[in-house]
Amino acid sequence: MTDYVTVAQIQEVPSGQTRQVEVDGKSVLLVNLDGDYFAIDATCTHRGGPLAEGEINGEVVTCPWHRGGFNVRTGEAVALPTTTPVGTYPVRVTGSALEIDTTWANRRTVDRRQG
Ligand code: FES
């Protein structure tokens with residue numbers, strides 16, 4: 001069972017940028033990598049740094065507090081001091097809406113539905 005909810009419009013997340021949204025009491029970071037959209041927990045697993053204030057380099061978002069890094073596709077921790085991955089969420093595009101499935105944390109697929 002899925003539970004997709006609209007969290008933003010695609011024009012609100014330009015290529016190479018991020019946007020933090022709140023869903024079911026959780027802070028989620030939307031990321032646009034050249035038109036592919038990803039969603040990860042917005043809070044760093046090291047000491048709770050705000051990933052929305054971090055830098056995006058390729059597929060990696062870098063935490064602004066201690067420079068830990070996470071792969072936005074997989075949630076994997078890829079740069080110390082972080083070693084614990086962040087949660088990921090399935091993302092789909094429906095028309096101009098970005099939707100994420102809040103029931104499937106840590107499983108990510110992209111389902112592009114235009115229309
Ligand atoms: S809080 Fe993010 S690396 Fe320390």
Can you say whether Gly49 is modelled with pLDDT of 95 or more, at positive phi and crowded, with 16+ Cβ neighbours inside 10 Å, as far as the supplied structure shows? no
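A quick yes/no check of all residues on (1) of a type in the set (Phe, Trp, Tyr); (2) part of a strand (DSSP E or B); (3) at pLDDT 95 or above:
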residue	(1), (2), (3)
Met1	no, no, no
Thr6	no, yes, yes
Gln11	no, no, yes
Gly16	no, no, no
Gln20	no, yes, yes
Val28	no, yes, yes
Val31	no, yes, yes
Ala39	no, yes, yes
Thr45	no, no, yes
Looking at the stretch 65-77 only, could you name the residues that are over 20 Å from Ile100 (Cβ atoms) and not small (Gly, Ala, Ser)? Trp65, His66, Arg67
Those residues of the stretch 15-64 which are within 18 Å of Glu99 (Cβ to Cβ), more than 16 Å from the ligand (Cβ to nearest atom) and of a type in the set (S, T, N, Q), in sequence order: Asn32
Being part of a strand (DSSP E or B) and within 14 Å of Thr88 (Cα to Cα) is the filter here, so list the residues in the stretch 47-70 that pass it. Val60, Val61, Phe70
Of all residues in the stretch 97-115 being buried (at least 19 other Cβ atoms within 10 Å of the Cβ) and of a type in the set (D, E, K, R), the one that is modelled with the highest pLDDT: Glu99
Which one is nearest to Leu33 (Cα to Cα) among residues in the stretch 71-96 that are surrounded by fewer than 17 Cβ atoms within 10 Å (Cβ to Cβ) and among the polar types (S, T, N, Q)? Thr74
Is one or more of the residues making up the stretch 73-93 over 11 Å from the mean Cα position of the chain (by Cα), at pLDDT 95 or above, more than 16 Å from the ligand (Cβ to nearest atom) and part of a strand (DSSP E or B)? yes
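The values are calculated or read from the model by the stated rules, or taken from the named source; none is laboratory data. A quick note: this is a predicted structure, and the numbers were derived from the prediction, not measured. Backbone-built Cβ (ideal geometry, glycine too); neighbour counts: all protein chains shown.
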